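Novice: Below you'll find the structure I mean.
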Amino acid sequence: MHNIQDTSLEWALLHVTHYYDSDFFPRLFEFEAIKRDWKNIKEYLLKLDLDKYAAKSPVIYLALKPNSTFRVVHQLEPLDSIIYSALLYENSLIIENYRIPERRKIACSYRIKPDINGSYFEKEYNGYGEFLSQAEALADDFDGGVVLVCDIVDFYNQIYLHRINNVLSEAGSKDGKIIEDFLGGLNYNVSRGIPVGPAPSILIAEAIMGDINKKILGFTSSFVQYVDDLYIFFEDEYDAKSFLHELTKYLYSNHRLVLSPDKTKILKVEEFGAEYLREESIVEKDAIHKKLESLSGDYASPEETKEFEELEAPEKLKIRSETYLELFDEALKFDNLELGLMRHILRQAGRYKIRNIIPKIFKNFSRLLPVIREIVIYFDRVLNEQTVKKYEKKFTALLENPYLSLPFINMWVFTLFQNEHFNSISLTIDYSIIIRIRERALIAKRENNLTFIKDVKDSLDTLGIWDRRAILYSSIILSEDEVKHWLGLESSKGDVVNKAICSMVISDKKKSR
């Protein structure tokens, strides 16, 4: 019998409530209900025997990529997210100790160091910056040589589950088979693929890359790795091709992984430097300081003693607004959208409530669909009644966007329209164009659409679990007597998450008297 430890569950709850349970899906209201009924939920989870537990099927969508292809992404059932997070928390330091040590500056992605706030990763560690810095240093060392650039095809979705068990066991974990079986349950017992989106999957991916890195170390230490990207340096092309042969053979025979024929290449070092060595945060910092220089003339370079942070708030906001607008324009100039740069701009612009990029978002909305998640999160941070009224026609036009036929885009657009500031305009939403009942219910909650909730609640048992929970959650708009009576009955049906939602809604309805 295998049970999850109490402390691991407590940490996992922190993780899913402080951070997103998936990098591709909206934040779940279910976690708030679970948190408020944690005593009962935790008691249920502590009793689970993971040797016999079968994970539920996750939500699987296709997220648009900049090259117009699609990425398979996942959102786990809320309790499965907690179980997955707890299992990998228990194995986090084992995985980190299995990897090439940080001091060697080879494995640069996501150094694992769980903290008390629910993060798996060392916050002060700039993995991508370290990756580029080390690649640049190696490029200097191999001036006149070549670089083998490797990218694994569809890495997360092709990871062989049995190999996860082997690698974790080799690392010293006793949970390899439990994790393999848990992932198999998510995959309908298909032996390949880990969920794309949840942070625990990163730890599994790094364990697999830890094994691959050790194979590379048998040939050379002149390489650097970030997620599934590898830059390996050689004196000449023959050595690079010979090693590529051995790496290709090892990836297939031991992991059933293959390298991308389009992204795997051997480049001269000077070509590599021009094409690969740039970083989003460096671009932002340089742009801010250039703007300082152009506005005042006193700031000759980032090294000047007068720093940006010493400026008064209005001046900093003005500089940031102008800088992010310029960066937004620059990011749009690439043939394929630069995801990292665009995400960085949207996150920072949202953080500082910078609204001058909104017109450009609407103008380029279809092209920006690969970052639809960041767009919606940005809008949630900057929207107010004035902004919604100012762009009312633009928001309304989104309801006619042809990409709404894609479930992933549909979900995010109608997550946007759950924002309560849309109550300040006359926005008519045809529920028939909303693909999931879940989003329909959450829109109905915002609109106080009693008719929709009353009509659909009578057929609640015929709905899928994700839709059912949204109806329960949105029923808060019903009268107090109806909420108390109906949710009392639903709460008695056994599902612990549904019970938690019913309890939360009944409690909140009483408080709203």
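Novice: Being farther than 30 Å from residue 49 by Cα and either basic (Lys, Arg) or crowded, with 21+ Cβ neighbours inside 10 Å (or both) is the filter here, so list the residues in segment 81-105 that pass it.
Specialist: Residues satisfying the conditions are 103, 104, 105.
Novice: Out of everything in segment 124-152 that is of a type outside the set (A, V, I, L, M) and part of a strand (DSSP E or B), what residue ends up being surrounded by the fewest Cβ atoms within 10 Å (Cβ to Cβ)?
Specialist: Only one residue fits best here, namely 151.
Novice: Which residues, taken from segment 452-477, are more than 20 Å from residue 58 (Cβ to Cβ), not in a helix (DSSP H, G or I) and not polar (S, T, N, Q)?
Specialist: 458, the sole residue that qualifies.
Novice: Run down 343, 381 and say which single residue is modelled with pLDDT of 90 or more, assigned to a helix (DSSP H, G or I) and of a type in the set (Lys, Arg).
Specialist: 381
Novice: Within segment 66-76, how many residues are over 20 Å from residue 120 (Cα atoms) and either touching a strand residue (DSSP E or B) at 6+ places or on another chain (Cβ under 7 Å) or among the charged types (D, E, K, R) (or both)?
Specialist: 4
Novice: Out of (1) over 14 Å from residue 403 (Cβ atoms); (2) β-branched (Val, Ile, Thr); (3) open to solvent by less than 10 Å² (accessible area, probe 1.4 Å), the odd one out for residue 377 is which?
Specialist: Status for residue 377: all satisfied but (3).
Novice: For segment 77-102, what are the residues that are within 16 Å of the chain's Cα centre (by Cα) and within 26 Å of residue 212 (Cβ to Cβ)?
Specialist: Result: 84, 85.
Novice: Got a number for residues in segment 25-55 being in contact with a Gly (Cβ under 9 Å, 6 or more places away or on another chain) and at pLDDT below 95?
Specialist: Qualifying residue count for the region: 3.
Novice: Among the residues of segment 318-338, write down those that are within 18 Å of the chain's Cα centre (by Cα) and open to solvent by less than 30 Å² (accessible area, probe 1.4 Å).
Specialist: Once the filter is applied, which keeps residues that are within 18 Å of the chain's Cα centre (by Cα) and open to solvent by less than 30 Å² (accessible area, probe 1.4 Å), segment 318-338 yields only 337.
Residue by residue, here is whether (1) among the acidic types (Asp, Glu); (2) in contact with a strand residue (DSSP E or B) (Cβ under 7 Å, 6 or more places away or on another chain); (3) surrounded by 19 or more Cβ atoms within 10 Å (Cβ to Cβ); (4) closer than 26 Å to residue 129 by Cβ holds:
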position	(1), (2), (3), (4)
209	no, yes, yes, yes
224	no, yes, yes, yes
231	no, yes, yes, yes
236	yes, yes, no, no
253	no, no, no, no
267	no, yes, no, yes
273	no, no, no, yes
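Novice: Would you be able to say whether some residue in segment 438-451 is farther than 30 Å from residue 40 by Cα, more than 27 Å from the chain's Cα centre (by Cα), in contact (Cβ under 8 Å) with a residue 24 or more places away in the chain and not in a loop (DSSP other than H, G, I, E, B)?
Specialist: Yes, segment 438-451 contains at least one residue that is farther than 30 Å from residue 40 by Cα, more than 27 Å from the chain's Cα centre (by Cα), in contact (Cβ under 8 Å) with a residue 24 or more places away in the chain and not in a loop (DSSP other than H, G, I, E, B).
Novice: Within segment 37-44, can one find any residue that is more than 22 Å from residue 175 (Cβ to Cβ), in contact with a Ser or Thr (Cβ under 9 Å, 6 or more places away or on another chain) and of a type in the set (Asp, Glu)?
Specialist: Yes.
Novice: Which residues, taken from segment 62-80, are open to solvent by 10 Å² or more (accessible area, probe 1.4 Å) and touching a helix residue (DSSP H, G or I) at 6+ places or on another chain (Cβ under 7 Å)?
Specialist: Within segment 62-80, 62, 64, 65, 66, 72, 79 meet the criteria.
Novice: Let me ask another. So, of the residues in segment 353-371 that are outside any helix (DSSP H, G or I) and over 21 Å from the mean Cα position of the chain (by Cα), which turns out to be farthest from residue 328 (Cα to Cα)?
Specialist: Within segment 353-371, the match that is farthest from residue 328 (Cα to Cα) is 353.
The values are calculated or read from the model by the stated rules, or taken from the named source; none is laboratory data. Computed from a prediction, not measured in an experiment: that's the story for all the values here. In this analysis, Cβ positions are derived from the backbone assuming ideal geometry, glycine residues included, and neighbour counts consider all displayed protein chains. Surface accessibility is based on the protein's heavy atoms, side chains included, excluding ligands, DNA and RNA. Shrake-Rupley method; radii C 1.70, N 1.55, O 1.52, S 1.80 Å.
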